[in-house]
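Only one structure is covered here, and it is reproduced in the block below.
The values are calculated or read from the model by the stated rules, or taken from the named source; none is laboratory data. All of these numbers come straight from a predicted model, not from anything done at the bench. Here the Cβ positions follow ideal geometry from the backbone for every residue, glycine too, while neighbour counts run over all protein chains shown. These area figures cover heavy atoms from the full protein model, side chains too; ligands, DNA and RNA do not enter into them. Shrake-Rupley method; radii C 1.70, N 1.55, O 1.52, S 1.80 Å.
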Amino acid sequence: MTQPTPAIEAFDAVDLIHAKRDSGELSTEEINWLVDAYTRGYVGDEQMAAMTMAIFLNGMGRREIKDLTMAMIASGERMSFGALGKPTSDKHSTGGVGDKITLPLAPLVAVFGVAVPQLSGRGLGHTGGTLDKLESIPGWRAEISNEEMFAQLGDVGAVICAAGSGLAPADKKLYALRDITGTVEAIPLIASSIMSKKIAEGTGALVLDVKFGSGAFLKDIERSRELARTMVELGTDAGVATSALLTNMNVPLGRAIGNANEVRESVEVLAGGGPADVVELTIALAREMLALAGQPDADVEAALADGRAMDTWRAMISAQGGDPDGALPVARETHTVLADRDGVLVEQQALPFGIGAWRLGAGRARKQDPVQHAAGIDLHAKPGDTVRAGEPLFTLSADEPARFERALAALEGAWRIGSADEPVLDGGPLIADRITSA
Ligand code: URA
């Protein structure tokens, strides 16, 4: 039997790898071919791994990053909310410790008639996933169809759900490869990965919360600024009104790190209370999302204070099968760490607290692992607070007490009580900068 003649490919992967290895520029046609050929399996993982390392080392120009983003969008479906009859605005955070802002933010923005289509993910590593947090709520379903999503955006105005596998499948494959080849932290690859999914999702406006500091994905503020600028340019070029806030992730956000406890804290914010930093960031991001959607004067504080955001939250949770009044899980075991002296809490480092919560079971080490919804850390003091010897500093919660030892090991040296005249090492203001298109 004669073998079918293989299709003639437009380029040779090795030529493209050579070009990028030697700091050359890839053409639009070459990038389109590369992404398509990788998605269909013609270009192998080993070749793409070499290419991502070459990109990591030598970078990409603005046109190349845009082409890469558009090619990844073209690898899958593109959603559209044009028929909804209302503007849409979304937020993406690069992830941080205690970052539960999406939970109060989505219903808050929806109060003003701006629909929020939040396609979220599950967590891997020390930063938690929004879906993991919401799955603490009895009955709540992350998996909904596009039709259900559309209907909920019309009725309730906000949806937080799992992204279907149809959006940017090339990114899914590439991200998994980057994860195991040490090439995650390349700005062209991060920017195209995030923006391909957000542009394919079809939102009209997008606000990026780009974190910097010890608990962030990129530690250095200048690298975070470059990532923010790159993503704002990509969104703007694709017709999505995009801006970014650069926010400080040297200290955990709020007082809860975990899943169920982060839902609890989000509900406090929706009830008009909650920690000052969580409220500040929720309000700043809501203003930004609403301004991009044509409502620069929306009174977001009033919608938190008078219960409208809470009403939308309850409707949003119920629409996905959740019981907004259902009891959240509580851990079987707790361990509280007390202050060993009088003074001021001058240090509380985000990364070790994130790792500690993860080791308690709040996060997963492998994609297939379940999370323990009640596991996590509750902070009783924040940097700058005066504490007295014997007072609780933070409480660890876990279902298995054997987890405390490793979590406490992660937290060694992560906090410090100093004297009142020492500077507080919190890395400066929560919101360091705002990046808009030129
Ligand atoms: N999140 C993404 O979706 N992609 C990246 O590359 C990094 C973070």
Q | Test: residue in the range 191-206 that is on the phi > 0 side of the Ramachandran plot, touching a strand residue (DSSP E or B) at 6+ places or on another chain (Cβ under 8 Å), more than 15 Å from the ligand (Cβ to nearest atom) and in contact (Cβ under 8 Å) with a residue 60 or more places away in the chain | A | yes
Q) Does the range 147-167 contain at least one residue that is within 16 Å of the ligand (Cβ to nearest atom), of a type outside the set (A, V, I, L, M, F, W, C), open to solvent by 30 Å² or more (accessible area, probe 1.4 Å) and over 17 Å from the mean Cα position of the chain (by Cα)? A) yes
**Q.** Exclusive hit being touching a residue at least 40 places away in the same chain (Cβ under 8 Å), within 16 Å of the ligand (Cβ to nearest atom) and either within 30 Å of ALA260 (Cβ to Cβ) or not in a loop (DSSP other than H, G, I, E, B) (or both), set GLY139, GLY215
**A.** GLY215
Q. Can you name the residue in the range 170-180 that is more than 18 Å from HIS92 (Cβ to Cβ) and open to solvent by 40 Å² or more (accessible area, probe 1.4 Å) and, of all such residues, is nearest to the ligand (Cβ to nearest atom)?
A. ASP179
Q) Restricted to the range 206-231, and to residues that are hydrophobic (A, V, I, L, M, F, W, C) and surrounded by fewer than 24 Cβ atoms within 10 Å (Cβ to Cβ), which residue is farthest from LYS172 (Cα to Cα)? A) ILE221
Q: Return yes or no: is VAL251 part of a helix (DSSP H, G or I) and of a type in the set (Val, Ile, Thr)?
A: no
Q) Counting only residues that are under 16 Å from ASP67 (Cβ atoms) and either aliphatic (A, V, I, L, M) or open to solvent by 100 Å² or more (accessible area, probe 1.4 Å) (or both), how many does the range 1-32 have? A) 7
Q: Would you check if THR102 is closer than 21 Å to VAL269 by Cα, without any contact (Cβ under 8 Å) to a residue 40 or more places away in the chain and either buried (at least 24 other Cβ atoms within 10 Å of the Cβ) or within 16 Å of the ligand (Cβ to nearest atom) (or both)?
A: no
Q. Residue check: is ASP45 within 30 Å of the chain's Cα centre (by Cα), open to solvent by 50 Å² or more (accessible area, probe 1.4 Å) and modelled with pLDDT of 95 or more?
A. yes
Q.
Kindly evaluate GLY96 against the criterion of being in the same structural domain as ALA284 (by TED's automatic domain parsing), within 16 Å of the ligand (Cβ to nearest atom) and in a loop (DSSP other than H, G, I, E, B).
A. yes
(Q) Can you find, within the range 181-190, the residue that is surrounded by the fewest Cβ atoms within 10 Å (Cβ to Cβ) among those that are near the ligand (Cβ under 9 Å from one of its atoms) and of a type in the set (Val, Ile, Thr)? (A) VAL184
Q.
Let me confirm something: among SER419, SER397, SER437, which residue is at pLDDT 95 or above and in contact with an Asp or Glu (Cβ under 9 Å, 6 or more places away or on another chain)?
A. SER397
Q. Hey, among the residues in the range 384-430 that are surrounded by 15 or more Cβ atoms within 10 Å (Cβ to Cβ) and in contact with a helix residue (DSSP H, G or I) (Cβ under 6 Å, 6 or more places away or on another chain), which one's farthest from GLY235 (Cα to Cα)?
A. ARG403
Q: Give the residue that is least open to solvent (accessible area, probe 1.4 Å), with candidates limited to residues of the range 278-304 that are outside any helix (DSSP H, G or I) and out of contact with any Leu (no Cβ under 6 Å at 6 or more places or on another chain).
A: ALA293
Q: Could you check GLU262 against (1) surrounded by 21 or more Cβ atoms within 10 Å (Cβ to Cβ); (2) closer than 29 Å to MET79 by Cβ; (3) modelled with pLDDT of 95 or more; (4) within 16 Å of the ligand (Cβ to nearest atom) and say which number it fails?
A: (4)
